[in-house]
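Each remark here refers to the structure printed beneath this line.
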Amino acid sequence: MPWVSVYDTVRDHPKIRSLSKTLNCSRHEAVGIMVFFWIWGLNNADGTGLITNIAAEDIADGIMCRSVQPGSLLKALIESGWLDKTDVDGAYIIHHWDIWQKEWYAAKEKRAKNAARMREARKKADSLQDSL
């Protein structure tokens, strides 16, 4: 089951204050927007935070943000520093994704290695059973 890291410092982070001011919402709402954005990012960004072939509407819909126009939300995410533009149209990078979500990717890699190890052990056990 995917999960995101939300550090205790995010509540008072300058980027949260900026997002809150830009969207004219409370910091509580801005933190909520970011948590939903990060959850959405787990399924839409790669390990570096790269998101491709995406429109403002896709992001707004993905994080269930209906109170803000999609273009305004995208602009606020970029201006507050949570999302970086790339040179490719429709491609963005979630800023410091590899830092904010490093625990998730480490756990995901550990689980994948453990699953591969267990598959191999079961295969050996089945082979041994067949030879008896």
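Numbers below:
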{"read-out": "Val88-Leu42 FRET efficiency (beta carbon distance; Förster radius 22 Å; 0.05 resolution)", "value": "0.55"}
{"read-out": "Accessible surface of the chain [probe 1.4 Å, protein heavy atoms]: carbon and sulfur percent", "value": "54"}
{"read-out": "Residue of Ala91, Ala115, Ala56 that the Gaussian network model of the chain assigns the largest fluctuation, springs spanning Cα pairs under 10 Å", "value": "Ala115"}
{"read-out": "Prolate/oblate/rounded call for the chain, Cα gyration tensor, a/c under 1.5 rounded", "value": "prolate"}
{"read-out": "Selected from Asp87, Asp58, Asp98 as most flexible by GNM, with the chain as the system and alpha-carbon contacts under 10 Å", "value": "Asp87"}
{"read-out": "Accessible area per residue in Å² at 1.4 Å probe, computed on the chain", "value": "65"}
{"read-out": "For the chain: relative contact order, % (alpha-carbon pairs under 8 angstrom, 6 or more apart)", "value": "26"}
{"read-out": "Dipole-positive endmost among Ser5, Leu50, Ala91 within the chain (Cβ charges, Cα centre)", "value": "Ser5"}
{"read-out": "Amide N of segment 10-47 lying under 18 Å from the label point, which is placed 7 angstrom from the Cα of Ile99 along Cα→Cβ", "value": "10-19, 34-35, 38, 47"}
{"read-out": "Between helix 14-23 and the chain: long-axis angle, C-alpha atoms, 0 to 90°, nearest 10", "value": "60"}
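The values are calculated or read from the model by the stated rules, or taken from the named source; none is laboratory data. Predicted model, so just to flag it, every value in this text is computed and none were measured. As a convention, Cβ positions derive from the backbone with ideal geometry for all residues, glycine included, and neighbour counts pool all protein chains shown. Remember, those area values only see protein heavy atoms, side chains included, never the ligands or the DNA or RNA. Shrake-Rupley method; radii C 1.70, N 1.55, O 1.52, S 1.80 Å.
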